[in-house]
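Below you will find the structure I want to go over with you.
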Amino acid sequence: MEQLALPPSTRASGSLTLPGSKSISNRTLLLAALSAGDTRVCGLLDADDVSRMLEALDKLGVTVRREGDSRDFVVTGSGGRFPAREADLFLGNAGTAFRPLTAALALMDGHYRLSGVPRMHERPIGDLVDALAGAGAAIRYEGVPGYPPLSIAPATVRTGAVIPIRGNVSSQFLTALLMALPLTSQAATVEVVGELISKPYIEITLKLMARFGVTVSRDGWQRFHIAAGQGYRSPGVIHVEGDASSASYFLAAGAIAGGPVRVEGVGRGSIQGDVRFAEVLAAMGATIRMGENWIEAEANGPLTAVDVDLNHIPDAAMTIAVAALAAKGTTTIRNIESWRVKETDRLSAMATELRKVGATVEEGRDYLRVTPPAALTPNARIDTYDDHRMAMCFSLVSLMGTPVTINDPGCVGKTFPGYFDSLASLTHGADAPAR
Ligand SMILES: O=C(O)C1=C[C@@H](OP(=O)(O)O)[C@@H](O)[C@H](O)C1
Ligand SMILES: C=C(OP(=O)(O)O)C(=O)O
């Protein structure tokens, strides 16, 4: 197994341009592929999750042309019906590809198979399948009921009755339904059963659907209505924002190790909920500055612990769990049960690895409580569980003046292949990470 030894450093400052948002990249690619007309997508993320979506669209017969070696792509819209009537798709561990493609393909009148890496086959999808099957879709589990891999057959889908969807396992099920339903041209009403988690991701979905000409009316977070006869139309050009979840590591670096660190590509004008990570850093005592398209974090003395509900930013919440090691007092992160069904069981993985650097950790069903030790344990070997965010989060330990080794650092490729180079560009002095 590859390992990356990060030497101690106590100083991070500078600025960097963020890679494109995963959530916006994959939604935009799918919406563009379902639209009438060509869409130019600028600044697409270059990472595994997006590669899986691009490969899938290729197999589905959608033409996507890259402009030179830029990250700008022109997608030729299929007008709501993919050219390939049969396809076998491998979607890795990309939830933002697997869930939305399941719903879209269930309405396409073809034969499709969707599979992923072994962990993807442990991530639930039963609530989405139930919702689609209730409207008439023909979806079969190839292995364990409730989980991928799936096979889809032609079927007649009717949306006359209200479609119930559970909201408390993953918001991606609701996102998938909302993005797919306009393909039927019928009116549809979706009702969320249970509390909806990760709400800001639904806002990303609705805002991007609107850019492609489909409006959804909603009654709070409970009922969503799509009027009949709407279809996706290309907006011409879409610029992908920088990734706000990726921004969290650098902003935390600035708050922990001096700063200022500035990220370019997200700011006040962002449609991503994870920009609200900056509010949590501010509550911990960091100085935050924000422009339309940038955010900056600077230390303002040592950080202090917080007790926060981070259900709205489940991905960036992991960064707070590690930043807590640099904060005075006990930090509690609440309402994060969805961590258990992501790239790994993140509650358990986070607790195990935080203990390796000496923290006292209480792992609840849906919360994590972290108390830092008087001095962090040097040279811990951090296991990353094939979870990009475990690798990126724990790199921050090196900025607390403590050497740390990241096992299997290549797992960052899911959303940020160049992460460790970007981090190195912000750390200074003789003790900056060796490449
Ligand atoms: O819709 C999206 O783009 C995402 C939704 C979130 O998942 P859940 O809704 O499962 O919490 C988030 O963790 C994931 O990285 C991306
Ligand atoms: C949960 C994540 O990914 P996915 O889109 O596969 O759900 C993540 O990126 O942290």
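In the set 317, 327, which member is under 18 Å from residue 376 (Cβ atoms) and either within 16 Å of ligand 1 (Cβ to nearest atom) or in contact (Cβ under 8 Å) with a residue 40 or more places away in the chain (or both)?
Only one candidate qualifies: 327.
Next question, about the same structure. Which residue pairs have Cβ atoms under 6 Å apart, sit 6 or more places apart or on different chains, and have a first residue in region 403-430 that is more than 11 Å from residue 389 (Cα to Cα) and a second that is open to solvent by less than 20 Å² (accessible area, probe 1.4 Å) and of a type in the set (Val, Ile, Thr)?
Taking only residues 6 or more apart or on different chains, the pairs are 404/397; 406/382; 407/384; 408/384; 426/261.
Return the pairs, sorted by first residue and then second, in which the second residue is of a type in the set (A, V, I, L, M) and within 11 Å of ligand 2 (Cβ to nearest atom), the first residue lies in region 236-248 and is over 15 Å from residue 27 (Cβ atoms), the beta carbons are less than 7 Å apart, and the residues are 6+ apart or on different chains.
Between residues of region 236-248 that are over 15 Å from residue 27 (Cβ atoms) and residues that are of a type in the set (A, V, I, L, M) and within 11 Å of ligand 2 (Cβ to nearest atom), the close pairs are 248/316.
Now for a separate question. Pick out the one residue from 297, 317, 257 that is touching a Ser or Thr at 6+ places or on another chain (Cβ under 6 Å) and farther than 30 Å from residue 213 by Cβ.
Among 297, 317, 257, only 257 is touching a Ser or Thr at 6+ places or on another chain (Cβ under 6 Å) and farther than 30 Å from residue 213 by Cβ.
Mind listing whichever residues of region 350-365 are of a type in the set (Asp, Glu), open to solvent by 10 Å² or more (accessible area, probe 1.4 Å) and touching a strand residue (DSSP E or B) at 6+ places or on another chain (Cβ under 6 Å)?
362
Separate question: Every residue in region 18-45 that is within 21 Å of residue 411 (Cα to Cα) and more than 15 Å from ligand 2 (Cβ to nearest atom), please.
44
From 390, 400, which residue is within 27 Å of residue 98 (Cβ to Cβ) and either within 23 Å of the chain's Cα centre (by Cα) or away from ligand 1 (no atom under 16 Å from the Cβ) (or both)?
390
Can I ask one more? For residue 113, which of the numbered conditions (1) outside any loop (DSSP other than H, G, I, E, B); (2) among the charged types (D, E, K, R); (3) out of contact with any Ser or Thr (no Cβ under 7 Å at 6 or more places or on another chain) fails to hold?
(3)
Another question about this same structure. Working only within region 131-152, note down all residues that are in contact with a His (Cβ under 8 Å, 6 or more places away or on another chain), closer than 12 Å to residue 106 by Cα and not β-branched (Val, Ile, Thr).
151
With the condition kept exactly as written, say whether any residue in region 366-380 is within 16 Å of ligand 1 (Cβ to nearest atom) and either part of a helix (DSSP H, G or I) or surrounded by fewer than 20 Cβ atoms within 10 Å (Cβ to Cβ) (or both).
Yes, the conditions are met somewhere in region 366-380.
Just wondering, is there one or more residues in region 155-166 that are of a type in the set (Gly, Ala, Ser), touching a Ser or Thr at 6+ places or on another chain (Cβ under 6 Å) and either open to solvent by 10 Å² or more (accessible area, probe 1.4 Å) or at pLDDT 95 or above (or both)?
no
Just wondering, is there one or more residues in region 357-369 that are touching a residue at least 60 places away in the same chain (Cβ under 8 Å) and out of contact with any Asp or Glu (no Cβ under 8 Å at 6 or more places or on another chain)?
No, region 357-369 contains no residue that is touching a residue at least 60 places away in the same chain (Cβ under 8 Å) and out of contact with any Asp or Glu (no Cβ under 8 Å at 6 or more places or on another chain).
Does residue 99 satisfy the criteria of being charged (D, E, K, R) and assigned to a helix (DSSP H, G or I)? Break it down stepwise before answering.
Details: charged (D, E, K, R): yes; assigned to a helix (DSSP H, G or I): yes.
Yes; evaluated as a whole, the condition is true for this residue.
If you scan region 127-150, which residues turn out to be at negative phi, open to solvent by less than 20 Å² (accessible area, probe 1.4 Å) and small (Gly, Ala, Ser)?
Those that are at negative phi, open to solvent by less than 20 Å² (accessible area, probe 1.4 Å) and small (Gly, Ala, Ser): 131, 135, 137.
Taking only pairs six or more apart or across chains, which ones have beta-carbon atoms under 8 Å, a first residue in region 16-39 that is free of Cβ contacts under 8 Å to residues at least 60 places away in the same chain and within 16 Å of ligand 1 (Cβ to nearest atom), and a second residue that is open to solvent by 10 Å² or more (accessible area, probe 1.4 Å) and part of a helix (DSSP H, G or I)?
Between residues of region 16-39 that are free of Cβ contacts under 8 Å to residues at least 60 places away in the same chain and within 16 Å of ligand 1 (Cβ to nearest atom) and residues that are open to solvent by 10 Å² or more (accessible area, probe 1.4 Å) and part of a helix (DSSP H, G or I), the close pairs are 29/54.
Would region 94-105 turn up any residue that is more than 16 Å from ligand 1 (Cβ to nearest atom), closer than 24 Å to residue 339 by Cβ and either at pLDDT 95 or above or among the basic types (Lys, Arg) (or both)?
no
Taking region 76-109, which residues are away from ligand 2 (no atom under 16 Å from the Cβ), open to solvent by less than 10 Å² (accessible area, probe 1.4 Å) and of a type outside the set (Gly, Ala, Ser)?
82, 105, 108
Matching residues to (1) in a helix (DSSP H, G or I); (2) aliphatic (A, V, I, L, M):
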position	(1), (2)
15	no, no
28	yes, no
33	yes, yes
40	no, no
44	no, yes
49	yes, no
52	yes, no
55	yes, no
68	no, no
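With the checklist (1) within 26 Å of the chain's Cα centre (by Cα); (2) open to solvent by 60 Å² or more (accessible area, probe 1.4 Å); (3) farther than 21 Å from residue 305 by Cα in hand, flag the one item residue 338 doesn't pass.
(2)
Limited to region 222-255, what total is found for residues that are surrounded by 15 or more Cβ atoms within 10 Å (Cβ to Cβ) and either within 16 Å of ligand 2 (Cβ to nearest atom) or not in a strand (DSSP E or B) (or both)?
Matching residues across region 222-255 total 21.
What number of residues within region 177-210 are over 17 Å from the mean Cα position of the chain (by Cα), farther than 13 Å from residue 34 by Cβ and in a helix (DSSP H, G or I)?
2
Does residue 271 fit the bill of being touching a Leu at 6+ places or on another chain (Cβ under 7 Å), open to solvent by less than 50 Å² (accessible area, probe 1.4 Å) and not basic (Lys, Arg)?
no
The values are calculated or read from the model by the stated rules, or taken from the named source; none is laboratory data. Predicted, not measured: the structure shown is a model, and the values here were computed from it. Using ideal geometry, Cβ is built from the backbone for each residue, glycine included, and neighbour counts are taken over all protein chains shown. Note: areas computed on protein heavy atoms with side chains; ligands, DNA, RNA excluded. Shrake-Rupley method; radii C 1.70, N 1.55, O 1.52, S 1.80 Å.
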